[in-house]
1. When only residues in the stretch 130-163 that are among the hydrophobic types (A, V, I, L, M, F, W, C) and surrounded by fewer than 21 Cβ atoms within 10 Å (Cβ to Cβ) count, which is nearest to the ligand (Cβ to nearest atom)?
2. Give the residues of the stretch 396-451 that are in a helix (DSSP H, G or I) and not charged (D, E, K, R), sorted by residue number.
3. Within the stretch 291-313, can one find any residue that is assigned to a helix (DSSP H, G or I) and touching a residue at least 60 places away in the same chain (Cβ under 8 Å)?
4. Would you point out which residue out of Arg316, Arg312 is among the basic types (Lys, Arg), crowded, with 19+ Cβ neighbours inside 10 Å and either in contact with an Asp or Glu (Cβ under 6 Å, 6 or more places away or on another chain) or modelled with pLDDT under 95 (or both)?
5. Which members of the stretch 384-410 meet the condition of being surrounded by 16 or more Cβ atoms within 10 Å (Cβ to Cβ), under 17 Å from Ala467 (Cα atoms) and out of contact with any strand residue (DSSP E or B) (no Cβ under 7 Å at 6 or more places or on another chain)?
6. Report the residue count in the stretch 224-233 for those that are outside any loop (DSSP other than H, G, I, E, B), of a type in the set (A, V, I, L, M, F, W, C) and out of contact with any helix residue (DSSP H, G or I) (no Cβ under 6 Å at 6 or more places or on another chain).
Amino acid sequence: MAGLDPEDWEELKTQGHQMLDEMLENIRHVSQGPVWQPMPASVRDVFKTAPLPDAGQELGDLYQQFTTMVQPYAVGNRHPRFMGWVHGGGTAQGMLADMLAAGLNANLGGRDHAPVEVERMVVRWAAEMFGFPPDATGVLVTGSSMANFIAILTATRNVVDGQDMRLHGIGGRRLVGYAGESAHGCVARAFDMAGLGEHALRRVPLNAAYQMDTLALERLIAQDRADGFEPFLVVGTAGTVDTGSIDPLNALADLAEREGLWFHVDGAFGALARLAPDLAPLLAGLERANSLAFDFHKWAQVPYDAGCVLVREPGRQAAAFAQSLAYLSREDRGLAAGAPWFCDLGPDLSRGFRALKVWFALAGFGTDRLGQVVTHSCALARGLAEQVQTSAHLQLLAPVTLNVVCFRVVTPEVEDMDWLNGELVKDLQVSGIVAPSTTRIGGVLAIRVALVNHRTTEADVTILLDALHSFMEVRLAQVRMLKLVEEQAQA
Ligand SMILES: *Cc1c(COP(=O)(O)O)cnc(C)c1O
């Protein structure tokens with residue numbers, strides 16, 4: 001038997017239905033388990049030592065291994081009390097869409113087929129969501145890291161004329177771009193990967209609201225021009241990863257226009273706030289960007305992975321990426337029709353059918369409901385911030401713009417507050433009760449809570465604060481005990 005289809009389709013169907021039912025039940029009851037639990041060494045060892053199999057195993061056995069060794073030790077971002085980093089919660093509907101997409105096994109690099117039209121549709125919808133013109137181009141990618149990279153490459157290849165950068169590279173050009181100090185690390189990495197070097201990304205100081213300081217930006221641009229550099233790009237962030245702040249997008253758009261710069265917005269999670277009528281005004285100016293990077297897998301709850309890049313002006317993205325290769329030649333009919341293809345808009349040739357789960361999310365929930373999820377997350381964040389501000393032992397470390405709350409425990413009993421807060425976050429994570437993460441704000445370690453999951457409720461925020469309080473009591477009891485022991489040793 002040469003092919004890989006199952007010998008017994010009926011048996012496979014039974015197994016498939018079982019997997020489907022069990023995973024749906026697992027999602028349904030996800031809040032009853034721990035957010036996260038450490039993987040035991042014995043489980044890790046299985047993966048570390050498993051030899052390359054030469055003979056096949058039963059699907060049922062593999063499924064058994066999945067349910068016992070993988071499923072219990074996943075990241076935990078589906079859980080309503082996963083509050084670390086910025087992770088989407090996913091949906092059962094999205095899982096089903098992904099299953100259908102895998103069933104079709106479509107390759108969306110190009111050619112003439114319905115899945116490509118689905119992606120064109122969701123890109124057109126995305127353009128409308130963010131106030132881009134209907135003929136804006138775009139492509140679904142792994143995430144905002146790739147989306148930012150594609151946008152920055154598009155900018156380098158289009159903004160600077162007089163030299164074909166695609167053929168000759170940047171040569172001796174001294175291109176420089178600008179982003180706030182709070183810009184995501186992937187922007188600097190994009191500069192690195194584009195061959196510009198990370199130093200070519202100037203980091204602009206922030207104002208008191210953790211937004212890019214536009215006056216400082218103007219001074220940097222003037223200084224760079226005076227020093228013989230070529231400013232070509234400014235990157236605004238809509239929803240910074242540290243504090244959720246939003247750069248002054250209209251002011252940046254004005255400045256980019258005046259200075260002849262490409263204006264790119266990293267809206268990885270924050271751009272989705274445009275779907276929430278109460279928050280959309282905060283993003284005014286986003287619609288003026290030359291390009292936008294954002295994720296469907298964060299606030300839009302599409303299962304990983306699903307990022308997107310949009311480029312306002314038609315032709316720009318293709319000018320940066322399209323190749324003419326004999327084996328990829330385009331025709332007027334047949335499978336090789338339907339140009340331009342998605343492989344003309346980024347570095348990937350073979351690409352999966354991410355568009356199906358995005359379609360099912362946008363059409364299945366509708367943008368109103370997705371906007372309500374965003375509104376709800378932000379309301380929870382404001383509620384948490386209020387409780388932090390009224391608590392004697394907590395200190396709010398940054399203003400809350402969207403869904404990110406940075407705060408810390410303060411107590412006169414402990415000298416090293418960074419240590420205490422770092423330990424508390426680890427205590428919370430290891431307990432499985434709730435999982436915030438950390439960052440540094442103004443030089444101090446902050447407990448960082450990012451409310452992204454559509455399943456999170458007010459009760460979950462209460463559990464966070466209660467658990468934090470309990471672990472603090474435990475830590476303080478230990479600290480007091482140690483002090484006693486030391487004092488007695490000295491006496
Ligand atoms: C998450 C995030 C990124 C990176 O996106 P990925 O989807 O993880 O690649 C970039 N910028 C910001 C502001 C983010 O929050």
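1. Taking the stretch 130-163 as the starting set, the residues that turn out to be among the hydrophobic types (A, V, I, L, M, F, W, C) are 130, 132, 136, 139-141, 146-147, 149-153, 155, 159-160.
Now restrict to residues that are surrounded by fewer than 21 Cβ atoms within 10 Å (Cβ to Cβ): 159-160.
Working: Val159: 21, Val160: 25 Å.
The selected residue is Val159.
2. Here is the first cut: in the stretch 396-451, the residues in a helix (DSSP H, G or I) are 417-431.
Hits for the stretch 396-451 are Met417, Trp419, Leu420, Asn421, Gly422, Leu424, Val425, Leu428, Gln429, Val430, Ser431.
3. First, the residues of the stretch 291-313 that are assigned to a helix (DSSP H, G or I): none.
No, the conditions are met nowhere in the stretch 291-313.
4. Working: Arg312 fails: either in contact with an Asp or Glu (Cβ under 6 Å, 6 or more places away or on another chain) or modelled with pLDDT under 95 (or both).
After applying the criteria, what remains is Arg316.
5. Scanning the stretch 384-410 gives Gln387, Ser391.
6. Going through the stretch 224-233, the residues outside any loop (DSSP other than H, G, I, E, B) turn out to be 224-226, 230-233.
Subset that is of a type in the set (A, V, I, L, M, F, W, C): 226, 232-233.
If we keep only those that are out of contact with any helix residue (DSSP H, G or I) (no Cβ under 6 Å at 6 or more places or on another chain) as well, we get 226.
The number of residues fulfilling the criteria is 1.
Table: residues versus (1) away from the ligand (no atom under 16 Å from the Cβ); (2) in contact with a Gly (Cβ under 9 Å, 6 or more places away or on another chain).
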position	(1), (2)
Gln71	yes, no
Phe82	no, yes
Gln93	yes, yes
Glu128	yes, no
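Residue by residue, here is whether (1) in a helix (DSSP H, G or I); (2) touching a helix residue (DSSP H, G or I) at 6+ places or on another chain (Cβ under 6 Å); (3) within 26 Å of Arg382 (Cα to Cα) holds:
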residue	(1), (2), (3)
Val187	yes, yes, no
Phe191	yes, yes, no
Leu196	no, no, no
Arg202	no, yes, no
Ala208	no, no, yes
Val235	no, yes, no
Val241	no, no, yes
Asn250	yes, no, yes
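The values are calculated or read from the model by the stated rules, or taken from the named source; none is laboratory data. Treat the numbers as computed from the prediction; the structure is a model and nothing was measured. Using ideal geometry, Cβ is built from the backbone for each residue, glycine included, and neighbour counts are taken over all protein chains shown.
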